Amino acid sequence: MNRTLLGELISEAVAVFIIIALGDSVACMYVLYDPSPYQNAYWGVCIAWGLAVTIAIYATGSVSGTHANPAVTLALALFRGFPWKKVLPYSVAQVIGGFLGAGVVYLLFAPVIDHYNAAHQLTREAGGAAGVFFTHPGLAITPMHALSDQIILTAFLLFGIFAITEQYNELAPRANSGALMIGLLVATIGASMGYLEAWAINPARDFGPRLFAFFAGWGRSALPSPDNYWWIPIVGPLLGGVIGAAAYQWLIYPFLPARLRVLTTTDAGADTRNV
C-alpha cells in the first residue's frame, strides 16, 4: 500500500470516527437522560449530527475528499470517476472509523447506559439503550418499509451532495462553505424524516457502531438484531445513493448552463481547427 492511499484510508476512518463520536454522543444525550435536554428540541439533535459531518469534512477533506459513507464512495465510482480499486478499502476504513467512534461513546457514557438500563429494567442482551449506537425501525415501521425509506432518504442525500459539489453548478456554495451545506443537508433529512428509523443513510454509520455494540454486550440485539434488521441500513443506502446520484446526473447535470457553455466553446474551437 502506498503512502497516499494509506493517508486516504486513515482520513476516511477519522472522518467517520468524528461523526460517530459526536453523533452517537448526542443520541446518548437524547435517549439516556430524563428529562432529555432535547425533549422539546429534536432539531438540536439533527444540527449536532449535521455539524459533526461538517467538522469531519473540514478536518479530512483535503486528504481523501471525505466520503465518510460507502454509499457516497459507490456513487462517486459510478458517476464521477472515483477509482473502483479504492471502493472496498475506503468502505472498510469507514466502518473501522464507526467502530472506533462508538468505542469513545461507550467510554464516555457506559455508566449512564448502565444506569438507564437498570432504571428501566432492561438489559443489553434485550437491546436496552442500543439505539444510542445503531438504528432500528420507528413507530409502525416494518423492516421492508424501512428498506424503502433508506433508499429514498439516501437518494435525497446523494442528489444533494452531487448538486453541492458539482463544478458546473453556478449556484453551488463556493470555497469551503460546501461542507456546511452538506452538514445542513444531513440535518434537514434527519429533521424531516429521521423518526422513521433514525436516518442511517450510511452503512458505515450503522454497521461500525453495531459491530462494536455486538462485542460490548448487546450480542444478538445488535447482530443480527430483531427481524434480522442489520442488513437494511447497508443495502438501502447503497441502492438509494446510486439512485440519487443517477437522478442528478441524468435530470440536472446535462442541462447546467455552465457545462453547456464549455461544450459550445469546445465544439467551436474544434470547428475552427478543422477549417
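The values are calculated or read from the model by the stated rules, or taken from the named source; none is laboratory data. Just so it is clear, the structure is predicted and the values come from calculations on it, not from any experiment. Here the Cβ is made from the backbone with ideal geometry for all residues, glycine too, and neighbour counts use every protein chain on show. SASA here: full protein model, heavy atoms, side chains in, ligands and nucleic acids out. Shrake-Rupley method; radii C 1.70, N 1.55, O 1.52, S 1.80 Å.
Any idea how many residues of the range 6-41 are in a helix (DSSP H, G or I) and either among the aliphatic types (A, V, I, L, M) or modelled with pLDDT under 95 (or both)?
17
Give me the residue from the range 74-121 that is among the aromatic types (Phe, Trp, Tyr) and part of a helix (DSSP H, G or I) and, out of that set, farthest from residue 201 (Cα to Cα).
The qualifying residue farthest from residue 201 (Cα to Cα) is 116.
Go through the range 1-19 and report how many residues are hydroxyl-bearing (Ser, Thr, Tyr) and crowded, with 19+ Cβ neighbours inside 10 Å.
So the answer is 1.
Mind counting the residues in the range 103-141 that are open to solvent by 40 Å² or more (accessible area, probe 1.4 Å) and on the phi > 0 side of the Ramachandran plot?
2
Assuming residue 63 fulfils every condition listed in (1) open to solvent by less than 60 Å² (accessible area, probe 1.4 Å); (2) touching an Asp or Glu at 6+ places or on another chain (Cβ under 9 Å); (3) on the phi < 0 side of the Ramachandran plot apart from one, which condition is it?
Status for residue 63: all satisfied but (1).
Which count do you get for residues in the range 72-99 that are closer than 22 Å to residue 209 by Cβ and surrounded by fewer than 18 Cβ atoms within 10 Å (Cβ to Cβ)? Let's see the steps before the verdict.
Step one: list which residues in the range 72-99 are closer than 22 Å to residue 209 by Cβ, which gives 72-74, 87-99.
Remaining after also requiring surrounded by fewer than 18 Cβ atoms within 10 Å (Cβ to Cβ): 87-89, 92.
Total satisfying the criteria: 4.
I need a count of the residues in the range 20-47 that are within 24 Å of residue 119 (Cβ to Cβ), open to solvent by 20 Å² or more (accessible area, probe 1.4 Å) and among the aliphatic types (A, V, I, L, M).
Of the residues in that region, 3 qualify.
What residue, of 66, 73, is polar (S, T, N, Q) and in contact with a His (Cβ under 9 Å, 6 or more places away or on another chain)?
Selected residue: 73, the only one of 66, 73 that is polar (S, T, N, Q) and in contact with a His (Cβ under 9 Å, 6 or more places away or on another chain).
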